[in-house]
Amino acid sequence: MKAYIFNIPDVVLLMTAAECLLLAIFHTILPKRGRDDGRLLTAFLLIIAAVSSLTLVLWNDQFTLSPWFEQSLVPYLLLSAQLLKGPAIYLYFCSLTKKTFALNRKHALHLIPVGLVVLAMAVLGVTSADLRHLSTGTAGAPSEYAIELIWDLACIVPFCYALASLRLVRRYRKELQDEYSDFSEVELDWLSALTWGLLVSWGWTLLTHIVAKFSSSVVSDYMGIADNYVTFILINAFFAYSLTYAHQLLDTKPEESREPVNEDEPSEPAIAKVRNAMENERIYLKKNLNLEQFSERIDLPAKEVSSVINKHFGTNFFEFVNSYRVEAAKALLADSEKSDMTVLDVLLESGFNSKSAFHRFFSRLVGMSPTEYRKRAAAGTLDEGPTGS
């Protein structure tokens with residue numbers, strides 16, 4: 001009779017660990033871009049490899065290693081890796097979205113949860129048997145409550161970091177909209193999808209842990225198996241993103257160097273300058289226009305321009321500039337003398353340089369596609385409501 005050492009869930013854990021190691025090695029030989037994102041992603045991959053392999057060692061009874069390693073060292077390594085994966089991926093997102101990000105001593109604060117858990121485990125003398133709840137009731141063994149608390153922290157801390165990562169990416173999107181009139185959202189949408197995937201995955205891990213407290217082991221086992229598959233998929237997604245899109249993300253102005261926000265209402269001369277630049281100078285026709293270029297053009301500090309756009313016009317730089325571009329596109333589409341212009345010609349002529357951004361803005365502000373607008377304008381059946389400018 002054949003004895004099977006690994007079942008399918010074990011194989012998934014092995015594949016995840018092996019792939020993480022291979023991807024980490026591959027990532028280290030890629031050309032460096034002078035930032036910490038590559039090193040942080042490599043660290044994250046190695047941590048996930050450790051979590052997967054140590055989880056296998058902890059729960060698989062079909063093969064044995066050194067008793068000292070299995071019983072004494074595995075708990076510390078596994079819980080440390082479990083608690084480190086959150087900070088590693090959060091700092092990776094920081095390195096992608098912050099221009100001047102660099103690892104420094106203050107980032108060591110992220111190690112506090114690891115230090116506290118390791119210290120508590122050392123004081124309690126936690127072993128692998130304790131983590132598996134096999135030593136319940138044994139003399140000298142840690143209390144069940146203490147073990148549950150350790151597992152609670154190992155599941156809650158990564159989930160909290162996933163929430164923080166999602167908040168970070170959302171703030172980054174807002175910063176881009178405040179500073180750029182046009183940017184590709186493909187890379188940003190993928191980054192958002194990854195943070196949501198991370199939140200779902202680690203949220204599922206937390207849910208599995210909670211369900212295991214109140215339901216049968218069969219249910220929690222199936223949920224844990226599903227979690228392993230999601231992790232495997234996420235690892236591939238993170239690596240593909242780092243190769244394809246990460247280097248295309250735009251830089252935003254460093255938060256620490258931003259000037260304090262002016263709480264006063266913008267002055268009338270400043271409002272007049274901004275309005276004149278848009279309505280008379282038609283500065284919005286410049287492609288890839290950003291806030292800094294705009295402020296230099298009209299000789300106003302960037303913080304004052306931002307205040308005018310945010311407080312007087314009630315929008316951000318991205319929406320403000322593109323609403324004028326949509327108006328320019330409408331004029332071109334409705335002009336019978338410009339009927340030979342293609343929609344691509346129109347979007348380029350009106351300051352856009354992205355077809356997707358043009359169609360998205362036009363449809364949202366006008367309520368119909370550019371082609372439909374042109375048809376209605378030619379037929380004299382336009383019945384427009386107010387648009388964004």
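The values are calculated or read from the model by the stated rules, or taken from the named source; none is laboratory data. The structure presented is a predicted model; accordingly, all values stated were derived computationally and were not measured. Glycine also receives a Cβ, built like all others from the backbone with ideal geometry; neighbour counts cover every protein chain displayed. In case anyone asks, the SASA skips ligands and DNA or RNA and just uses the protein heavy atoms, side chains included. Shrake-Rupley method; radii C 1.70, N 1.55, O 1.52, S 1.80 Å.
Couple of notes before you dig in:
- Surface composition of the chain: carbon plus sulfur atoms contribute 61% of the solvent-accessible area (1.4 Å probe, protein chains only, all chains present).
- Report note on the peptides 52-59, 287-294: ranked by the mean count of other C-beta atoms within 10 Å, highest first, their order is 52-59, 287-294.
- A dipole drawn for the range 288-376 from +1 and -1 charges on Cβ atoms has a positive end, and of VAL343, LEU365, ALA329 the residue lying farthest that way is LEU365.
- Selected from HIS209, SER242, LEU111, residue furthest toward positive end of dipole (the chain; charges at beta carbon): SER242
- For the range 79-93, putting each phi into the Karplus relation 6.51 cos²θ - 1.76 cosθ + 1.60 with θ = phi - 60° gives couplings of 5, 5, 5, 4, 7, 8, 5, x, x, 4, 6, 5, 5, 4, 5 Hz, in residue order, rounded to whole numbers and with x for Gly and Pro.
- For PHE44, the shell of other residues with beta-carbons less than 14 Å away shows a net charge of -1, using +1 for Lys and Arg and -1 for Asp and Glu.
- Placing unit charges on the Cβ atoms only, positive for Lys and Arg and negative for Asp and Glu, gives the range 147-277 a dipole magnitude near 340 debye about its Cα centre.
- Cut-off under 5 Å, modelled amide H: who pairs with TYR180 long-range: LEU291, PHE318
- Residue-by-residue Karplus 3J(HN,Hα) for the range 97-107, coefficients 6.51, -1.76, 1.60, Hz, glycine and proline x: 9, 10, 4, 9, 5, 8, 5, 9, 5, 5, 6
- Placing +1 on the Cβ of every Lys and Arg and -1 on the Cβ of every Asp and Glu, with no other charges, gives the range 220-350 a dipole of roughly 240 debye about its Cα centre.
- Within straight-line cross-link reach of LYS106, lysines at Cα separation under 20 Å, skipping those fewer than 8 residues along the same chain: LYS85, LYS98
- Close amide H pairs (under 5 Å, H built 1.01 Å from N) link THR252 with LYS99, residues at least 5 positions away or on another chain.
- Packing around the peptides 213-224, 37-48, taken as the average count of other Cβ atoms within 10 Å per residue, puts them in this order, highest first: 37-48, 213-224.
- Accessible area (Å², per residue) of the chain, counting only protein heavy atoms and a probe of 1.4 Å: 52
- Percentage, to the nearest whole number, of Cα pairs in the chain over 39 Å apart: 38
- Most fluctuating residue given options ARG376, ARG105, ARG171, as computed from a GNM of the chain linking Cα atoms under 10 Å: ARG105
- Inter-part distance, the range 301-330 to the range 40-79, computed on C-alpha centroids, equals 53 Å.
- With a cut-off of 13 Å between beta carbons, the residues surrounding THR16 carry a summed charge of -2, where Lys and Arg count +1 and Asp and Glu -1.
- Karplus-derived 3J(HN,Hα) values for the range 188-196, using 6.51 cos²θ - 1.76 cosθ + 1.60 with θ = phi - 60°, are 5, 5, 5, 5, 4, 4, 5, 5, 5 Hz; glycine and proline are entered as x.
- Look at the alpha carbon pairs under 8 Å that are at least 6 residues apart: their mean separation over the length of the chain gives a relative contact order of 14 percent.
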